[in-house]
Amino acid sequence: MSQESHKSGPAAPGRPPTDVVGLEIGAGHPEGVPAVRLRLRANRKTELVAAGFLPLTDRLPETAAAAEPVIWTLPKPFQAPYAALAVSSSLASLRHAGGAGDERADCRTASLTFGADIPPLTASLPEFQAAWAARLLPEGRAPTACSLQVASAAAVNGFSLSPHFATLTETTVVLFVFANHTALAAFSGGKLALYREHPLGFRLVRAAISRAMHIEDNLVDAVIQEALVDATPIIEPVLKPLFRQVEMLADYLLRRRNCTTLRFSLCGLPAGMRLWGDLFTRALNYPLTPFHPFDGLLKAQRPGPLPADIAAAEPFLMTALGAARAVLEAP
């Protein structure tokens, strides 16, 4: 999926980058901009140098006229030579294109073909947002932006370049849960076979529980994580259309590609994995297993700042991690 990246800035002189910080722009995370710095060791193993949330302004402009310039200065532990930017924008898209006419002149696009029977997967971002993001990091100061990706593509990159992916032998569907949508990616034969999106993210689930239980949004995760009450009657009808979409995707793979989907994974969910898993098994009769994007990463000998609880932070860092992996580990 690294070919999905929108490239900007110079390539590393003479050789591919070996030290990259991934940054997610437009995530709107209350703690700041998600950032993950990775480095390649001499043995080509990837190590985690630093991760966390940076106090930077990342509110995306909604129109070209509103694209006021913003200049970032990253904290020293995150000043890798190169930066991979992942943009979370309601105006971005990642989908299988039907033909050349699908591309818009006012958007920056990149496509990747996976096979003769699969339409190209095209990432698209408005040109004014792409240009605004590319200028966040000034020239002559580390890091230099070398890649611009849409958030969903970055998350998929993080899975397809992970050590876990190399162990897969069966057709797998992964649910990448974002705040406002869920990306569904099917992998078969060691490559992406199909991609879809569904307009349900963890914010909608939180809101449904908040309304039904009359509790504040910021308390919902703790309530469902600690199973203080049974939220099944509330969440089940909310998740049903999403799980139906997963079922349809698996059915399509069986009918059109003769691939039986035997594994289903999920990442990006801040809370409620057990509840989602129980409801998924009830709906599809298959287990839904968590994927932890940071598994298999070595820790740097002298690491910079890292979250005290990586497992709790990884749903919000998976996109920044995937963006960095797309640059650092792409074949």
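When the Gaussian network model of the chain links Cα atoms closer than 10 Å, the mean-square fluctuations of 127, 68, 170 top out at 68.
Bridgeable aspartates and glutamates around residue 191 (alpha carbons under 17 Å apart, same-chain partners fewer than 8 residues away excluded): 4, 117, 170, 329. Highest GNM mean-square fluctuation, the chain, Cα pairs closer than 10 Å: which of 135, 15, 95? Comparing 135, 15, 95 in the GNM, the peak value goes to 15. About its Cα centre, the dipole of the chain is roughly 840 debye, where the only charges are +1 on Lys and Arg Cβ and -1 on Asp and Glu Cβ.
With the convex hull of the Cα atoms taken as the outline of region 191-248, the averaged projected area works out to 5.1 nm². Highest average first, the peptides 85-94, 295-304, 49-58 ordered by how many other beta carbon atoms sit within 10 Å of their residues are 85-94, 49-58, 295-304. Dipole size of region 188-331 about its Cα centre, with +1 on Lys/Arg Cβ and -1 on Asp/Glu Cβ: approximately 660 debye, rounded to the nearest 20.
In the full protein context, region 156-263 carries 49 Å² of accessible surface per residue, based on a 1.4 Å probe and ignoring ligands, DNA and RNA. Say we join alpha carbon atoms closer than 10 Å with springs in a Gaussian network model of the chain; which of 270, 143, 307 then has the biggest fluctuation? Taking springs between Cα atoms under 10 Å, the residue moving most is 307. Close amide-amide hydrogen proximity is noted between residue 86 and 23, 24, 25, 149, each under 5 Å apart and 5 or more residues distant or on a separate chain (H modeled in the peptide plane; Pro and chain starts excluded). Think of region 245-287 as having a plus end and a minus end, set by charges on the Cβ of Lys, Arg, Asp and Glu; of 254, 271, 287, 254 sits farthest toward the positive end of this dipole.
Taking Lys and Arg as +1 and Asp and Glu as -1, the other residues whose beta-carbon sits under 14 Å from that of residue 79 total +3. Under the convention that each Lys and Arg Cβ holds +1 and each Asp and Glu Cβ holds -1, the size of the dipole of region 62-164 around its Cα centre is about 360 debye.
Of interest is the spacing of the C-alpha centroids, which for region 192-227 and region 237-283 amounts to 16 Å. Both radii were evaluated on the Cα set of region 134-194; the Rg over Rh quotient, with Rh as the Kirkwood radius, amounts to 1.11. Computed from label points 7 Å out along Cα-Cβ, the spacing between residue 219 and residue 298 is 4.7 nm. The Rg/Rh ratio of region 236-304, with Rg taken over Cα atoms and Rh as the Kirkwood radius over Cα pairs, comes to 1.12. Shown in residue order for region 42-49 are the 3J(HN,Hα) couplings computed by the Karplus curve 6.51 cos²θ - 1.76 cosθ + 1.60 at θ = phi - 60°: 4, 8, 6, 7, 8, 10, 8, 9 Hz (x for Gly and Pro).
Using the alpha-carbon positions of the chain, Rg (one decimal) and Dmax (whole number) come out as 19.4, 59 Å.
How many percent of the alpha carbon pairs in region 140-256 exceed a separation of 19 Å? I get 59 percent for the Cα pairs in region 140-256 exceeding 19 Å.
Summarising the strand pairing of the chain, around 60 percent of its internal DSSP beta bridges are antiparallel. Looking at the square roots a ≥ b ≥ c of the eigenvalues of the Cα gyration tensor of region 28-170, which shape do they give, rounded for a/c under 1.5, prolate if a/b is larger than b/c, or oblate? Note, shape of region 28-170 comes out oblate. As a calculated quantity, the FRET efficiency between residue 164 and residue 62 at R0 = 51 Å, using C-beta atoms, amounts to about 0.90. Taking other residues whose beta carbon is less than 13 angstrom from the beta carbon of residue 222, and scoring Lys, Arg as +1 and Asp, Glu as -1, yields -3.
The values are calculated or read from the model by the stated rules, or taken from the named source; none is laboratory data. Keep in mind the model is a prediction, meaning the values are calculated, not measured. We place every Cβ from the backbone using ideal geometry, glycine too, and count neighbours over all the protein chains shown. Only protein heavy atoms, including side chains, enter the accessible area calculation; ligands, DNA and RNA are left aside. Shrake-Rupley method; radii C 1.70, N 1.55, O 1.52, S 1.80 Å.
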